[in-house]
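Everything on this sheet refers to the single structure shown next.
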Amino acid sequence: MATENKNLSNYDKNTIPNAKNFRFGIVVSEWNETITEGLYNGAIAALLDCGAVQENIIRWNVPGSFELVYGAQRMIVTQNVDVVITIGCVIKGETMHFEFVCEGVTQGIKDLNVQTDVPVIFCLLTDNTMQQSIDRSGGKHGNKGTEAAIAAIKMAELRRTSENI
């Protein structure tokens, strides 16, 4: 877990597989766009830093975080990707909407990971305040988009190597 005194977005590139031969899908929620764009920028920077080729990165936008699951499922079915990163942000309000969206997206992404052979990376901020989201999308706690990209590379490599067993 990121804390104010430790930025978990720092990674050692020497320990990350080269991403050159992987095809990445990224599904980005348009809701809380300032935050999701920060997460996306962190993810893209890390992917490119680790050798990914821009032409092998596909981005689709969806209206909100709840739609991330459908977007990821369609990307898996139609785009021949090695891994999908889902990027969203839900900030708690005064109603139960927060809980329903967070639970639905979490279960949906879990289901995709169980039902398909393409890893789906969960990059959904579920914060109590906008400031917490800012802090986790390029602020004092680093960038969860960066962390999601590193996880995506590692999972794409796991998928590749496990197919050869």
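Listing for the model above:
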{"quantity": "Residue that is nearest to the chain's Cα centre (by Cα) [pool: residues in the stretch 35-72 that are modelled with pLDDT of 95 or more and hydroxyl-bearing (Ser, Thr, Tyr)]", "calculated": "40"}
{"quantity": "When residues of the stretch 1-31 are limited to those that are modelled with pLDDT of 95 or more and of a type in the set (Lys, Arg), the one surrounded by the fewest Cβ atoms within 10 Å (Cβ to Cβ)", "calculated": "20"}
{"quantity": "Qualifying positions in the stretch 73-120 - touching a strand residue (DSSP E or B) at 6+ places or on another chain (Cβ under 8 Å), β-branched (Val, Ile, Thr) and at pLDDT below 95", "calculated": "90, 91, 101, 105, 106"}
{"quantity": "Selection count, the stretch 69-111, where residues are surrounded by fewer than 16 Cβ atoms within 10 Å (Cβ to Cβ) and of a type in the set (A, V, I, L, M)", "calculated": "2"}
{"quantity": "Single unsatisfied condition, residue 136 versus (1) open to solvent by less than 20 Å² (accessible area, probe 1.4 Å); (2) farther than 24 Å from residue 18 by Cα; (3) in contact (Cβ under 8 Å) with a residue 40 or more places away in the chain; (4) of a type outside the set (Gly, Ala, Ser)", "calculated": "(1)"}
{"quantity": "Residues of the stretch 32-68 classified as open to solvent by less than 30 Å² (accessible area, probe 1.4 Å) and outside any strand (DSSP E or B), total", "calculated": "15"}
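The values are calculated or read from the model by the stated rules, or taken from the named source; none is laboratory data. This one's a predicted model, so the numbers in the text were calculated from it and none came from an experiment. Here the Cβ is made from the backbone with ideal geometry for all residues, glycine too, and neighbour counts use every protein chain on show. Surface accessibility is based on the protein's heavy atoms, side chains included, excluding ligands, DNA and RNA. Shrake-Rupley method; radii C 1.70, N 1.55, O 1.52, S 1.80 Å.
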